[in-house]
1. Rounded to whole Å and sorted largest first, list the principal axis extents of the Cα atoms in segment 7-60.
2. Extension gain N74-K46, at 0.36 nm per residue separation less the Cα-Cα distance, in nm?
3. Could you tell me the center-to-center distance, by alpha carbons, between segment 1-25 and segment 84-119 in angstrom?
4. I want the local charge near T91. Using Cβ-Cβ distances under 12 Å, sum +1 for each Lys or Arg and -1 for each Asp or Glu among the other residues.
5. On the protein heavy atoms, probe 1.4 angstrom, tell me the percent of accessible surface of the chain carried by carbon and sulfur.
6. With every protein chain left in place, what is the accessible area per residue of the chain in square angstrom, probe 1.4 Å?
7. Work through the residues other than F37 whose Cβ is under 14 Å from its Cβ and net out their charges, Lys, Arg +1 and Asp, Glu -1.
8. Between exposed trypsin sites (Lys or Arg not before Pro) in the chain, where DSSP calls loop and at most 11 other Cβ atoms lie within 10 Å, what's the longest gap?
Amino acid sequence: QVQLVESGGGLVQAGGSRRLTCGASGRTDSGYAMGWFRQAPGKERKFVASINWSGDDTLVADSVKGRFSISRDNAKNTMYLQMANLKSEDTAVYYCAARRRRFTTPLQGLYDYWGQGTQVTVSS
(Lines give C-alpha, C1' and ligand atoms only; values in the text may rest on other atoms or scores of the structure.)
Protein backbone atom coordinates (compact mmCIF):
# COMPACT_ATOMS: atom_id res chain seq x y z
CA GLN A 1 0.00 0.00 0.00
CA VAL A 2 1.04 3.54 -0.70
CA GLN A 3 -0.38 6.49 1.18
CA LEU A 4 -0.50 9.88 -0.52
CA VAL A 5 -0.92 13.27 1.08
CA GLU A 6 -1.31 16.48 -0.89
CA SER A 7 -0.42 19.93 0.36
CA GLY A 8 0.01 23.43 -0.97
CA GLY A 9 -3.53 24.28 -1.91
CA GLY A 10 -5.21 27.54 -0.99
CA LEU A 11 -6.48 30.81 -2.34
CA VAL A 12 -4.46 32.49 -5.07
CA GLN A 13 -5.14 35.44 -7.32
CA ALA A 14 -5.53 35.03 -11.03
CA GLY A 15 -2.17 35.24 -12.74
CA GLY A 16 -0.41 33.99 -9.66
CA SER A 17 1.57 30.82 -9.02
CA ARG A 18 1.30 27.92 -6.63
CA ARG A 19 3.18 24.70 -6.03
CA LEU A 20 1.39 21.57 -4.91
CA THR A 21 3.25 18.78 -3.18
CA CYS A 22 2.35 15.12 -2.87
CA GLY A 23 4.15 13.04 -0.29
CA ALA A 24 4.15 9.27 -0.54
CA SER A 25 4.67 6.77 2.25
CA GLY A 26 4.30 3.04 2.74
CA ARG A 27 5.46 0.60 0.06
CA THR A 28 7.50 3.09 -1.90
CA ASP A 29 10.41 0.75 -2.50
CA SER A 30 9.08 -0.41 -5.84
CA GLY A 31 8.87 1.99 -8.75
CA TYR A 32 5.59 3.76 -9.37
CA ALA A 33 4.34 6.40 -11.74
CA MET A 34 2.36 9.32 -10.38
CA GLY A 35 -0.11 11.86 -11.55
CA TRP A 36 -2.22 14.87 -10.74
CA PHE A 37 -5.94 15.08 -11.41
CA ARG A 38 -8.46 17.75 -10.56
CA GLN A 39 -12.16 18.04 -10.03
CA ALA A 40 -13.97 21.32 -10.43
CA PRO A 41 -17.33 21.90 -8.72
CA GLY A 42 -20.06 19.95 -10.46
CA LYS A 43 -17.68 18.36 -12.92
CA GLU A 44 -15.91 15.06 -13.36
CA ARG A 45 -12.36 14.53 -12.23
CA LYS A 46 -9.91 15.13 -15.03
CA PHE A 47 -6.28 14.48 -15.83
CA VAL A 48 -3.79 17.29 -15.26
CA ALA A 49 -0.29 15.82 -15.50
CA SER A 50 1.62 12.61 -14.91
CA ILE A 51 5.21 11.47 -14.56
CA ASN A 52 6.99 8.15 -14.80
CA TRP A 53 9.11 6.60 -12.09
CA SER A 54 12.42 7.99 -13.28
CA GLY A 55 10.99 11.43 -13.95
CA ASP A 56 12.11 11.68 -17.56
CA ASP A 57 8.72 11.13 -19.15
CA THR A 58 5.86 13.50 -18.42
CA LEU A 59 2.41 14.15 -19.80
CA VAL A 60 0.51 17.40 -19.38
CA ALA A 61 -3.09 18.14 -20.30
CA ASP A 62 -3.59 20.61 -23.11
CA SER A 63 -5.63 22.86 -20.84
CA VAL A 64 -2.61 23.55 -18.64
CA LYS A 65 0.27 23.02 -21.03
CA GLY A 66 2.78 25.84 -20.83
CA ARG A 67 1.50 26.89 -17.40
CA PHE A 68 1.83 23.75 -15.26
CA SER A 69 4.80 21.44 -14.85
CA ILE A 70 5.22 18.19 -12.96
CA SER A 71 8.32 16.84 -11.29
CA ARG A 72 9.34 14.39 -8.60
CA ASP A 73 12.10 13.71 -6.13
CA ASN A 74 12.30 9.99 -5.45
CA ALA A 75 14.81 10.47 -2.64
CA LYS A 76 12.08 12.36 -0.81
CA ASN A 77 9.15 10.26 -2.11
CA THR A 78 7.61 13.51 -3.27
CA MET A 79 5.94 14.79 -6.41
CA TYR A 80 5.27 18.39 -7.31
CA LEU A 81 2.91 20.35 -9.50
CA GLN A 82 4.16 23.82 -10.27
CA MET A 83 1.31 26.01 -11.43
CA ALA A 84 1.78 29.41 -13.02
CA ASN A 85 -0.46 32.03 -14.60
CA LEU A 86 -3.43 30.57 -12.77
CA LYS A 87 -6.90 31.19 -14.10
CA SER A 88 -10.31 31.01 -12.49
CA GLU A 89 -11.00 27.80 -14.42
CA ASP A 90 -8.12 26.16 -12.56
CA THR A 91 -10.21 26.27 -9.39
CA ALA A 92 -10.66 22.67 -8.30
CA VAL A 93 -9.74 20.01 -5.82
CA TYR A 94 -6.40 18.61 -6.92
CA TYR A 95 -5.70 14.92 -6.34
CA CYS A 96 -2.43 13.07 -6.30
CA ALA A 97 -2.39 9.50 -7.59
CA ALA A 98 0.11 6.67 -7.92
CA ARG A 99 0.12 3.44 -9.87
CA ARG A 100 2.06 0.20 -9.41
CA ARG A 101 3.78 0.59 -12.74
CA ARG A 102 6.75 2.68 -13.75
CA PHE A 103 5.23 4.06 -16.93
CA THR A 104 3.02 7.09 -16.95
CA THR A 105 -0.56 7.30 -18.19
CA PRO A 106 -3.31 9.95 -18.24
CA LEU A 107 -5.99 7.33 -17.54
CA GLN A 108 -7.19 7.72 -13.97
CA GLY A 109 -8.66 4.21 -13.94
CA LEU A 110 -5.12 2.85 -14.08
CA TYR A 111 -4.04 4.48 -10.85
CA ASP A 112 -4.09 2.36 -7.72
CA TYR A 113 -3.72 4.90 -4.93
CA TRP A 114 -5.24 8.32 -4.34
CA GLY A 115 -4.78 11.16 -1.92
CA GLN A 116 -7.59 13.05 -0.23
CA GLY A 117 -7.14 16.12 -2.39
CA THR A 118 -6.22 19.74 -1.80
CA GLN A 119 -8.39 22.70 -2.76
CA VAL A 120 -7.03 25.35 -5.07
CA THR A 121 -9.18 28.44 -5.49
CA VAL A 122 -8.23 31.10 -8.02
CA SER A 123 -9.84 34.47 -7.48
CA SER A 124 -10.31 36.81 -10.41
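1. Sorted from largest, the Cα extents of segment 7-60 read 37, 23, 22 Å.
2. Full extension from N74 to K46 adds 7.6 nm.
3. 10 Å
4. Charge balance near T91 sits at +2.
5. That fraction is 46 percent.
6. It amounts to 52 Å² per residue over the chain.
7. +1
8. So the longest stretch without any such site is 66-124.
The values are calculated or read from the model by the stated rules, or taken from the named source; none is laboratory data. Bear in mind the structure is a predicted one, so any value in this text is a computation, not a measurement. Glycine also receives a Cβ, built like all others from the backbone with ideal geometry; neighbour counts cover every protein chain displayed. Please note that ligands, DNA and RNA were not included when accessible areas were found on the heavy atoms of the full protein model with its side chains. Shrake-Rupley method; radii C 1.70, N 1.55, O 1.52, S 1.80 Å.
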